[in-house]
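Notes follow once the structure below has been shown.
The values are calculated or read from the model by the stated rules, or taken from the named source; none is laboratory data. Here the structure is a predicted model, which is why all the values come from computation and not from measurement. Note: ideal-geometry Cβ built from the backbone for every residue, glycine included; neighbour counts use all protein chains shown.
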Amino acid sequence: MAPRVLPADSPASIAEAVRLLRDGQLVAFPTETVYGLGALALDPVHVARIFEAKGRPSSHPLIAHVADVKSARALAKGGTLGDVGEALAARFFPGPLTLVVEKAAHVPLALTGGGSSVALRVPAHPAALALLEALGAPLAAPSANRFQSLSPTEASHVVRSLGDAVALVLDGGPCEAGIESTVVDVRASVPLPRVLRLGALSLEALRSVAKGAVFEPTSAASRDEQRASPGLDPKHYAPRARLRVVARSEVAAVVAGLLDEGARVAVLLVHDVALPSHVVREQLDASAEGYAHGLFSALHRLDAAEGEGEGEVDVIVAEDVPTLEAFAAVRDRLTRASST
Ligand code: TXA
Ligand code: MG
């Protein structure tokens, strides 16, 4: 059975979502980054249903979404986000930033994966804010997809990935940013603010407030850190088909080779590349923001596409993105999506 889908911008939809959430059911809603799968964050039983629906290990902590900075502070130890956290919140909440702080005592371990820290975010989407305000309580919300699969940037992606494990999907159209929030650890125990997950808030914007913010690539992350923040897992965001990322100059030859082997091939491009006309393709914007906005929707379409011959696509060949820092977050998603 498919879940119910209602327009996100109607007060009646928000009221129905609140009713279902209070009843312990899961509701997917749009944010400015990706769709979230919501449940009451302070109720361990409700939160457990998120892990079950996603097929995600319960040791992986969830983000608590709140309506404003004040509600964020209420979930933090000592009622403050700390110096750096407060400065970042003042500048970027609401927005695509998630802050990791020490948790207040009443925040359940079911939410935090058993750890003493909690991740907090104020989403910028009007429907998400309307929902949080009407609910008057924090919402736990991971991306509304099955564990390790493609992130959902449209309501139909949620329906396809989760089916009736979700009671209601609030449809707000395509998400603006298209990739998840940037996760930053601002705990006092960490010497410099540490970026745990690259995301829709650029490193440049982050550093304009948190001067020394550092990002250490996955390869440098220790096992303990990986456990602490599963967003660092190498395999994530993966399509069903195999994804291969290759330089622009090699796309045509790689596609020809795969077609010779009898593979069903689809292609994700930024630039025009001469290819056999029957090869299914998607072309993304050349700007980092435009690329991020379109990335997951394009991958969802290609992953579902019928290739040359019978059946679904076996391999998606993606043209690599520039090595500029502005592309760090989309490069991260591409790399993980292609990791097996
Ligand atoms: O944009 C987003 O952040 C979306 C929308 C729905 O808000 N949500 C999202 O949630 O991406 P999820 O659960 O798919 O990713 C949460 C990320 C993971 O990388 C997780 O490891 C990290 O945040 N995280 C959550 N709590 C943490 C904590 N206490 N310490 C370290 N990392 C944490
Ligand atoms: Mg996710």
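Quick notes on this structure:
- Top-ranked residue of segment 129-163 - restricted to ones that are within 15 Å of ligand 1 (Cβ to nearest atom) and polar (S, T, N, Q), ranked as farthest from Ala2 (Cα to Cα): Gln148
- In summary, helices (runs of 4 or more DSSP H) completely within segment 31-128 and bearing 1 or more residues that are of a type outside the set (Ser, Thr, Tyr), away from ligand 1 (no atom under 12 Å from the Cβ) and without any contact (Cβ under 8 Å) to a residue 12 or more places away in the chain occur at 69-73, 82-92.
- Those helices (runs of 4 or more DSSP H) of segment 250-340 in which 2 or more residues are in contact (Cβ under 8 Å) with a residue 40 or more places away in the chain and within 19 Å of Ser151 (Cα to Cα) occupy 288-304, 328-337.
- Among the residues of segment 11-24, not a single one is in contact (Cβ under 8 Å) with a residue 24 or more places away in the chain, part of a loop (DSSP other than H, G, I, E, B), within 22 Å of Val107 (Cα to Cα) and touching a Phe, Trp or Tyr at 6+ places or on another chain (Cβ under 9 Å).
- In segment 217-230, the condition of being surrounded by fewer than 16 Cβ atoms within 10 Å (Cβ to Cβ), in a loop (DSSP other than H, G, I, E, B), at pLDDT below 95 and acidic (Asp, Glu) is met by no residue.
- Count of segment 146-183 residues which are farther than 17 Å from Gly38 by Cα and assigned to a loop (DSSP other than H, G, I, E, B): 8
- Among the residues of segment 232-269, those that are surrounded by fewer than 20 Cβ atoms within 10 Å (Cβ to Cβ), at pLDDT below 95 and farther than 27 Å from Gly311 by Cα comprise Asp233, Pro234.
- Segment 159-177: number of residues that are closer than 16 Å to Pro239 by Cβ and of a type outside the set (Lys, Arg): 1
- Per-region count, segment 231-249, residues in contact (Cβ under 8 Å) with a residue 40 or more places away in the chain and within 16 Å of ligand 1 (Cβ to nearest atom): 7
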